[in-house]
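Here is the structure we will look at, set down as structure tokens.
The values are calculated or read from the model by the stated rules, or taken from the named source; none is laboratory data. Being a predicted model, the structure only gives us computed values, none of them experimental. Reconstructed Cβ throughout: ideal geometry from the backbone, glycine too, with neighbour counts over all protein chains shown. These accessible areas exclude ligands, DNA and RNA; they are computed on the full protein's heavy atoms, side chains included. Shrake-Rupley method; radii C 1.70, N 1.55, O 1.52, S 1.80 Å.
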Amino acid sequence: MIDDFVGGATDRAQEGGFVLPGHQNIMLMEVVRNVTILVVGSVALDTVETPFARVEEALGGAASYFSTAASLYNQVNLVAVVGSDFPREHLDFWCSRPVNLVGLQMQEGKTFRWTARYHLDMNARDTLDTQLGVYAGFHAVIPTEYRSSPLLFLANIQPELQLEVLEQMPQARLTVLDTMELWIMTERPRLTEVIERVDMLLMSEEEVRQYTHQSSIVAGVRQLLNMGLQYVVIKQGSYGALLFGADGTYFSAPSFPLEEVIDPTGAGDAFAGGFLGYLSTVEPEPGGRYSIEDIKCGVVHGNILGSFVCEDFSIGRLRTLTMDDVVVRYQTLVDCSHFDPNWRPIRIRNKV
Ligand code: AMP
């Protein structure tokens, strides 16, 4: 199943790529085989209320959104725990995708549950309840077959658990970290340890302010980069994302303008799925690092996957998403963010 998926993408690329009506012909990237992505994070049942609708106990959790998004590009190795009440249908869905479930434990007890309510401006939400369930006291043991994954995503979960996984993956080529308000408030010293050991951090503007106590985002990012990070990505919801590099890189990736947002939950996790999914399809440079152009392109893929998630509750839209859909949105973002690089001011002489 997994080989079929990866081979299919490569075959289509070799056939000449996708031809888009009204767009230029885009070659689908050559898929680098056997590049797997390891993720640890929450698998949850979410109750979410927007100003227009509500869902109860839908499939959620940072690792769920990430795995579903990234599995569009390559194989994902999932490390997580669910309770004995976790619906079987969700596992069946992942079995139909290149998502390896060997590292997904099922324990007696309750699955992680999260309840939130969105404001009319759906960039803002309130967490009403978080129940760790079987995550309280869970320890991750990385299966041997996962340990060679070069790309590691520490999705939102207890920093202690993120550290455990990091320690078992010393050879990872690129390590990316996400977190949330709850962990910044309750686990700050542990979270700081994780930040000091990863390559890239994803945060919203609010989380940067909360963690760094800086009101300026640029000053907050500077403080974070000084902790040893190579990159910081600021997720700006419906406004896109900003990439800052320790090498001085600054890149602003536009968002895809959605007319209707059904539910933004998981957009940040799908962003990470698009980012690392894309990187899993390109070759790193000889020293093992990804080129800055590929990192930027990954941020654009992140924005695209994040935008699709918002079109339905839970992972609804990701279930039917195809690489052809991603290609169309990619081209739209290229078109809307290109402008004349050769503009020069014209000197106007005053008449005498
Ligand atoms: P996002 O919208 O990208 O911030 O991700 C929201 C997802 O993260 C939801 O599906 C929740 O189940 C999950 N989540 C919420 N709070 C936490 C938390 N404290 N730790 C881990 N996962 C969480």
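Of the beta bridges in the chain, as assigned by DSSP with both residues counted there, near 40 percent are antiparallel. On the beta carbon distance between SER84 and LEU128, with R0 = 30 Å, the FRET formula returns roughly 0.75.
Karplus-derived 3J(HN,Hα) values for the stretch 343-348, using 6.51 cos²θ - 1.76 cosθ + 1.60 with θ = phi - 60°, are 4, 9, x, 9, 7, 9 Hz; glycine and proline are entered as x. Once both labels are positioned 7 Å from their Cα atoms along Cα-to-Cβ, the gap between SER252 and HIS139 label points is 4.8 nm. Max-minus-min Cα coordinates of the chain on each principal axis give 87, 52, 47 Å, with the largest extent listed first. Taking trypsin sites (Lys or Arg not before Pro) across the stretch 75-153, the ones in a DSSP loop with at most 15 further Cβ atoms lying within 10 angstrom of their Cβ are ARG147. Over the chain, accessible surface divided per residue gives 46 Å², non-protein components excluded, 1.4 Å probe.
I need the calculated FRET efficiency for the pair GLU205 and ARG289, taking r as the beta carbon distance and R₀ as 45 Å, to the nearest 0.05. Before the final figure, lay out each step's value.
Values: r = 27 Å, r/R0 = 0.60.
The computed FRET efficiency comes out at 0.95.
List the trypsin sites (Lys or Arg not before Pro) in the stretch 267-329 that DSSP assigns to loop (not H, G, I, E or B) and whose Cβ has at most 15 other Cβ atoms within 10 Å. Which are they?
Numbers: sites: ARG289, LYS296, ARG317, ARG319, ARG329; in loops: ARG289.
In loop regions of the stretch 267-329 (DSSP not H, G, I, E or B), the sparsely surrounded trypsin sites (Lys or Arg not before Pro) are ARG289.
Using r as the Cβ-Cβ distance of ARG117 and LYS296, and R0 as 41 Å, what FRET efficiency do you calculate, to the nearest 0.05? Using R0 = 41 Å, I get an efficiency of 0.75. In this structure the amide hydrogen of SER42, modeled in the peptide plane, comes within under 5 Å of the amide hydrogens of ALA62, ALA63, ASN156, none closer than 5 places in sequence on its chain.
Which whole-angstrom value gives the distance between the alpha carbon centres of the stretch 222-275 and the stretch 86-162? For the stretch 222-275 versus the stretch 86-162, the Cα centre distance is 21 Å. Measuring gaps between exposed loop sites in the chain (GluC sites (Glu not before Pro); DSSP loop; at most 14 other Cβ atoms within 10 Å), the longest gap, sites not included, is 261-352. Assuming 0.692 mPa s and 37 °C, estimate D for the stretch 87-215 with Stokes-Einstein, Rh taken as the Kirkwood radius over Cα pairs, in µm²/s. Answer, rounded: 197 µm²/s.
The portion of the accessible surface of the chain made up by carbon and sulfur, rounded to a whole percent, is 51 (1.4 Å probe; DNA, RNA and ligands excluded).
Normalised by residue number, the volume inside the convex hull of the Cα atoms of the stretch 142-211 is 74 Å³ per residue. Backbone amide hydrogens, once placed in the peptide plane, bring GLU57 within less than 5 Å of ASP46, THR47, VAL48, excluding anything fewer than 5 places away on its chain. Distance between the 7 Å Cα→Cβ label points at ASN350 and THR192: 5.8 nm.
Normalised size of the stretch 198-268, defined as Cα radius of gyration per 2.2 N^0.38 Å with N residues, equals 1.15. Once both labels are positioned 7 Å from their Cα atoms along Cα-to-Cβ, the gap between SER215 and ASP325 label points is 4.2 nm. Along the chain, the exposed loop sites are chymotrypsin sites (Phe, Trp or Tyr not before Pro) outside DSSP states H, G, I, E and B with at most 12 other Cβ atoms within 10 Å, and the longest stretch free of them is 53-338.
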